[in-house]
Amino acid sequence: MVTIDETKVRHTALDDAQGLGLGVFLCGLGMHFLTHVGLITGQTAGIAVITSYMTGWSFGAVFFVINLPFYVLAYRRLGLEFTVKSLVSVTALSLIADLLPFGFTIDTLHPALGAVIFGATVGTGLLAMFRHNGSLGGLGVVALLVQDKTGFKAGYVQLISDAVIFAVAALLFPLSVVGWSLLGAVILNMIITFNHRRDRYIAT
């Protein structure tokens, strides 16, 4: 097995900027497709989407506000760099999600295809962000804290939170909406599961 000195392959500030920028843009694009066909998703974005549908408030504004409490937790658990990158990324996504409809309209899109496009673009976008020590904040930070305090795996915490969000959605929206939304969530998570491997990705 070849041993690689990670100090020689660290990301530069420019590397991080382009990686996070690409990730945020892809996530914003995916959210545009998702909300156009009236679907939902899990995690903090899912809460923001449901709130947006129910109130008429913009997704970007709701998403930004919902994430505010999590920055304190992120700082304590993951440090200043991660927190700052997450704050910048969430702010950028909030703006992109609200601005994209002004320059990009969709005439016809089946919910199934919308779900696939959402899962592929957001999954790839999150992957780019993870590889540059960034995230979109939210419930993932809580999951890590629960794991630290109790030993209960963070992945299970996120699965439970998503199950609760989709269960609530099933009471508020047609089952067809929930079904196609689950398709998008599965695609997103499979992309992360198969590709987010630190033993394969050598840059830091």
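The values are calculated or read from the model by the stated rules, or taken from the named source; none is laboratory data. In this text, all values refer to a predicted model and were calculated from it rather than measured experimentally. With ideal geometry, Cβ positions are generated from the backbone for all residues, glycine too; neighbour counts draw on all protein chains shown. Please note that ligands, DNA and RNA were not included when accessible areas were found on the heavy atoms of the full protein model with its side chains. Shrake-Rupley method; radii C 1.70, N 1.55, O 1.52, S 1.80 Å.
What number, in nm² with one decimal, is the all-direction average of the projected area of the convex hull of the alpha-carbon atoms of the range 2-113?
Averaged projected hull area, Cα only: 9.9 nm².
How much of the accessible area of the range 52-180, probe 1.4 Å, is carbon plus sulfur, in whole percent?
Using a 1.4 Å probe with all protein chains present, the range 52-180 comes out at 72 percent carbon and sulfur.
At 24 angstrom or more along the helix axis (alpha-carbon based) and mean Kyte-Doolittle of 0.5 or higher, what helices does the chain contain? Whole DSSP H runs only.
13-36, 59-103, 111-130, 154-172, 175-195
Counting other C-beta atoms within 10 Å, and keeping those with at most 12, which DSSP coil trypsin sites (Lys or Arg not before Pro) do you find in the range 126-161?
Loop-located and lightly packed - K153.
Quick check for you: with a 1.4 Å probe and neighbouring chains kept, what is the accessible area per residue of the range 92-160, in Å²?
Heavy-atom accessible area per residue stands at 51 Å².
Along each of the three principal axes of the Cα atoms of the chain, give the extent in whole Å, ordering the values from largest to smallest.
51, 41, 33
Sort T83, T105 by accessible area with a 1.4 Å probe, largest first.
T105, T83
When only the heavy atoms of the protein chains count and the probe is 1.4 Å, how do W180, W57 rank by accessible area, highest first?
The most accessible residue leads, giving W57, W180.
Suppose we look only past 14 Å in the calculated P(r) of the range 57-102. What percent of the Cα-Cα pairs does that tail hold?
50
Per DSSP helix of 4 or more residues, -39500 (n - 2.57); summed, then divided by the residues of the chain. What does that give at 222 nm, rounded to the nearest 500?
It comes out at -26500 deg cm²/dmol, rounded to the nearest 500.
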